[in-house]
Amino acid sequence: MRRLLLVPVVLLLAACQSEPPPAKPLTPEQSAALKPAGVRLAGLYEHACKSCHTVPDTGAPLTGDRTQWDARWAKGEAALLESTIRGLNGMPAGGQCFACSPDDYTALIRFMAGRD
């Protein structure tokens, strides 16, 4: 009898842990409409990140577009933080955010990568 009771529970747990739907690309307009919830982080994002991460021609992954961020995210948060601090390709060191701490960068990366 106990085994019969476990089957529905196991099926319910499996359904809750299913894969999320596949990521869909965002338009630049959809990306530009996104902003971090906190006032401080929103200000940092507006002044240092948004001008590149909402314009496809810059080569930067669009904010919130998981189709562009997922491969980068797979490298790990530490690698993304390191790339942000050192600069990468056309992005200058620190993304020119002179007021950002490592925790700010981490929060901004998580936001832009759609992981907040």
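The values are calculated or read from the model by the stated rules, or taken from the named source; none is laboratory data. Note that the structure is predicted; figures quoted are calculated from it, not measured. So basically every Cβ, Gly included, is an ideal-geometry build from the backbone, and we count neighbours across all protein chains shown. Only protein heavy atoms, including side chains, enter the accessible area calculation; ligands, DNA and RNA are left aside. Shrake-Rupley method; radii C 1.70, N 1.55, O 1.52, S 1.80 Å.
Would you check if residue 24 is in contact with a helix residue (DSSP H, G or I) (Cβ under 6 Å, 6 or more places away or on another chain) and open to solvent by 20 Å² or more (accessible area, probe 1.4 Å)?
Details: in contact with a helix residue (DSSP H, G or I) (Cβ under 6 Å, 6 or more places away or on another chain): no; open to solvent by 20 Å² or more (accessible area, probe 1.4 Å): yes.
Judged against the criteria, residue 24 is not a match.
How many of the residues in the stretch 53-78 are over 17 Å from residue 25 (Cα atoms) and either open to solvent by less than 60 Å² (accessible area, probe 1.4 Å) or not in a helix (DSSP H, G or I) (or both)? It would help to see each step written out before you state the result.
Of the stretch 53-78, the ones over 17 Å from residue 25 (Cα atoms) are 74-78.
From what's left, either open to solvent by less than 60 Å² (accessible area, probe 1.4 Å) or not in a helix (DSSP H, G or I) (or both): 74-76.
Residues meeting the conditions: 3.
Report, by residue number, each residue of the stretch 83-96 that is open to solvent by less than 80 Å² (accessible area, probe 1.4 Å) and either among the charged types (D, E, K, R) or more than 21 Å from residue 33 (Cβ to Cβ) (or both).
Looking only at the stretch 83-96, we keep the residues that are open to solvent by less than 80 Å² (accessible area, probe 1.4 Å), and these are 83-85, 87, 90-95.
Once the filter is applied, which keeps residues that are open to solvent by less than 80 Å² (accessible area, probe 1.4 Å) and either among the charged types (D, E, K, R) or more than 21 Å from residue 33 (Cβ to Cβ) (or both), the stretch 83-96 yields 83, 84, 85, 87, 90, 91, 92, 93, 94.
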